[in-house]
Amino acid sequence: MAERDPKEIDELRTIIQAHQAWLKRPSSGRRADLSFRDLSRLNLERVSLAGAKLAGADLSNTRMVKSDLTQADLFGADMEAVNLSGATLTGADLRGANLHRAQLTDANLRGADFRAGELMESSGPDGNQKATRGTGTTRLTEAKMERSILAGANFTGCDLTGADLNDADLTGAELTSAVLMGTDFCGATLDGAVFGNTVMDHATLTRTFIPFTLPPDAIVQPNYTAMPVAEFLELVERHERWVDSGGADGARLDLDLVSVAGADLHGRTLAAARLRRCRLPGARLTKASLEMAELSYVDLDEADLRDAVLRGTTLRRAYLAHTLMNGVDARPVALAGGRDWPANFEGADFSDADLRDSTMGPAVVRGAVFTNALTDRSGIDVSGAAGAFPPPPPEERRRQKRFVHPGLVVHTEHGSFPARNWSVGGLCLLAVNQPYQRGQTFQARVVMADRQEVAAVANLVVLHRDEERGQLSVCFHQYGDDLKALLKTAFLEHQKMAG
């Protein structure tokens with residue numbers, strides 16, 4: 001990327017400084033209007049742009065860690081790969097924004113608006129001609145939103161395909177007509193969330209815990225476009241010409257939400273093809289070349305992939321149950337510069353699959369499901385695959401209301417520690433001896449001090465050690481049903497005490 005014009009940087013700095021003054025006293029500054037401005041790849045860490053106008057702005061790859069965008073207008077903004085870890089976006093208008101692969105870990109998005117919205121901008125000297133920017137659908141595809149606060153957020157019609165929402169708080173969130181294919185809700189709080197015509201594939205629905213009974217029309221299957229096998233094979237032939245000619249002839253196979261049943265692709269070349277969110281049940285892919293293909297969230301139920309080449313192939317959260325994968329080659333592909341591109345099966349479902357005698361050892365299989373799968377001589381470490389990717393480094397952010405009563409006590413292998421205060425996110429423990437280090441995860445039994453029968457086993461992550469005060473701040477890592485029940489009981493007890 002070419003270097004920024006120093007005059008442009010000075011102008012942006014002046015606008016932001018005037019906005020800081022406006023936030024303190026409106027008469028002494030001016031609200032920032034950065035609509036349609038190019039702010040890509042800038043470092044805006046910890047910058048306060050609360051209430052700023054950023055509609056249509058280019059914030060792609062911008063670093064905005066711990067920034068304040070409360071009530072900001074981000075309508076139709078391009079925020080692809082933006083880093084908003086730990087940022088505050090409460091009540092922000094994100095309608096029609098592109099947040100593909102955005103980093104939103106530990107962000108506060110309470111009440112944010114992710115509904116669809118098309119941005120119209122003037123074109124031409126008179127400003128009368130209008131052009132539409134974006135598709136209108138807000139995209140949070142493959143966004144990282146672990147532990148984010150999304151209570152009361154409106155995701156109506158939003159595309160959350162492949163998003164990571166581990167341990168996120170979606171209490172009361174609106175998920176009507178949202179697309180949740182390959183979305184990870186492990187440990188997320190969904191109490192009071194509204195489902196209606198919500199699109200979820202079978203694999204996602206199976207692994208998502210929804211703590212209440214859904215009405216019959218709450219969840220719908222993805223709307224796949226059925227394609228005849230003959231038409232699909234014609235596209236494959238064009239793709240093979242594209243591969244053989246280095247892109248000079250034919251066309252790359254690029255499909256989304258297409259269903260083709262029982263296709264015979266024995267020995268065919270599908271290298272670098274894109275078949276995201278497609279269904280190919282019962283496909284015959286024996287000895288097929290799928291090198292560097294993009295097959296995330298694909299449904300290959302009962303497909304035959306024996307001796308197929310899957311080098312560098314991406315099958316993230318794919319449904320591979322009952323597949324035959326004997327002898328597949330899933331080694332990494334060597335890229336220019338000496339970097340290896342591994343095959344990626346992160347979060348894939350291999351239930352009842354046959355993976356014997358395959359070369360799967362070097363592939364990424366973290367978080368994959370291997371229930372009843374045959375993995376002899378495949379190189380797969382099933383025990384290592386069981387856990388999810390490690391969470392980002394924990395940070396202490398007291399965004400949730402703390403309670404003192406009723407009292408909670410945490411029983412550990414190093415003794416019992418009363419909670420000085422607690423919230424739905426964690427506890428502040430009185431621990432003079434400080435038995436744990438920052439970032440350490442440990443298991444404990446949490447009980448209500450006055451009602452010993454109300455208890456739960458919890459995994460706790462140490463956020464902060466205050467040796468002077470003898471305090472240990474910890475947060476909950478994932479919420480089991482018993483922990484949710486304990487917190488709910490404790491909160492109701494607090495309400496009674498408060499009158």
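The values are calculated or read from the model by the stated rules, or taken from the named source; none is laboratory data. Predicted model, so just to flag it, every value in this text is computed and none were measured. Methodologically, a virtual Cβ is constructed for each residue, glycine included, from the backbone with ideal geometry; neighbour enumeration extends over all protein chains shown. Accessible surface areas use protein heavy atoms only, side chains included; no ligands, DNA or RNA. Shrake-Rupley method; radii C 1.70, N 1.55, O 1.52, S 1.80 Å.
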- Message: Under the rule of at least 5 residues apart or a separate chain, name every residue whose amide H is placed under 5 Å from the amide H of Gly426.
- Response: Phe476
- Between the stretch 456-490 and the stretch 415-433, the alpha-carbon center distance in angstrom: 7
- Query: In sequence order, what are the phi-derived ³J(HN,Hα) couplings for the stretch 205-221 according to the Karplus relation 6.51 cos²θ - 1.76 cosθ + 1.60 with θ = phi - 60°, rounded to whole Hz, with x for glycine and proline?
  - Reply: 4, 5, 9, 9, 8, 10, x, 7, 6, 8, x, x, 9, 5, 10, 10, 6
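Keeping the other protein chains in place, figure out the carbon and sulfur percent of the accessible area of the stretch 307-356, with a 1.4 Å probe.
The nonpolar share, carbon plus sulfur, comes to 48 percent.
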- Query: Each residue of the stretch 78-88 in turn: what ³J(HN,Hα) in whole Hz from Karplus with 6.51, -1.76, 1.60 and θ = phi - 60°, glycine and Pro shown as x?
  - Reply: 8, 10, 4, 6, 5, 9, 10, 4, x, 7, 10
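Where in the chain are the helices, taken as whole DSSP H runs, whose Cα atoms extend 24 angstrom or more along the long axis and whose Kyte-Doolittle mean reaches at least -1.0? Don't skip to the end; give the middle numbers.
Details: long enough: 6-24 (27 Å, -0.61); 481-498 (26 Å, -0.24).
Answer set is 6-24, 481-498.
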- Cα lying deepest toward the dipole's positive end in the chain, options Leu430, Ile380, Leu54, charges on Cβ: Leu430
- Task: Excluding Ile15 itself, calculate the net charge of residues whose Cβ lies under 14 Å from the Cβ of Ile15, where each Lys or Arg counts +1 and each Asp or Glu counts -1.
- Result: +1
- Go through His239, His202, His322 and list them by solvent-accessible area, largest first, probe radius 1.4 Å. His202, His322, His239
- Query: Computed from these coordinates, which is volume of the Cα convex hull per residue in Å³: (1) 307; (2) 212; (3) 193?
  - Reply: (2)
- Using θ = phi - 60° and the Karplus relation 6.51 cos²θ - 1.76 cosθ + 1.60, list the HN-Hα couplings for the stretch 278-285 in order, rounded to whole Hz, with x at every Gly or Pro. 9, 10, 10, x, x, 5, 9, 10
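Provide the gained length on full extension for the span Trp341 to Ala485, in nm with one decimal, where the gain is 0.36 nm per separating residue minus the Cα-Cα distance.
47.5 nm
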- Item | the chain - mean residue ellipticity at 222 nm from DSSP helices (-39,500 (n - 2.57) per run, n ≥ 4, rounded to 500) | -4000 deg cm²/dmol
- Task: Report, ordered by chain and residue number, the lysines lying within cross-link reach of Lys484, taken as a straight Cα distance under 27 Å and ignoring same-chain residues fewer than 8 apart.
- Result: Lys144, Lys401, Lys496
- Name the long-range amide H neighbours of Ser259: under 5 Å, sequence gap of 5 or more, or other chain; modelled H, no Pro or chain starts. Thr225, Ala226, Met227, Arg279
- Task: May I ask for the net charge around Arg207, where only other residues with Cβ less than 9 Å from the Cβ of Arg207 are counted and Lys, Arg are +1 while Asp, Glu are -1?
- Result: -2
- Could you give the accessible area per residue of the chain, probe 1.4 Å, as a whole number in Å²? 45
- Task: Please state the charge dipole magnitude for the chain, taken about the Cα centre, from unit charges on C-beta atoms (+1 on K and R, -1 on D and E), reported in debye and rounded to the nearest 20.
- Result: 1640
- Message: Going by Cα centres, the stretch 34-55 and the stretch 250-273 are how many Å apart?
- Response: 41
- Note on the structure: Note to self: C-alpha centroids of the stretch 285-352 and the stretch 353-382 sit apart, in Å, by 11
- Counting Lys +1, Arg +1, Asp -1, Glu -1, what net charge surrounds Asp5 among other residues with beta carbon under 12 Å of its beta carbon? -3
- Neighbour-limited loop hits for GluC sites (Glu not before Pro), the stretch 397-499 (at most 14 other Cβ within 10 Å; DSSP other than H, G, I, E, B): Glu413, Glu467, Glu468
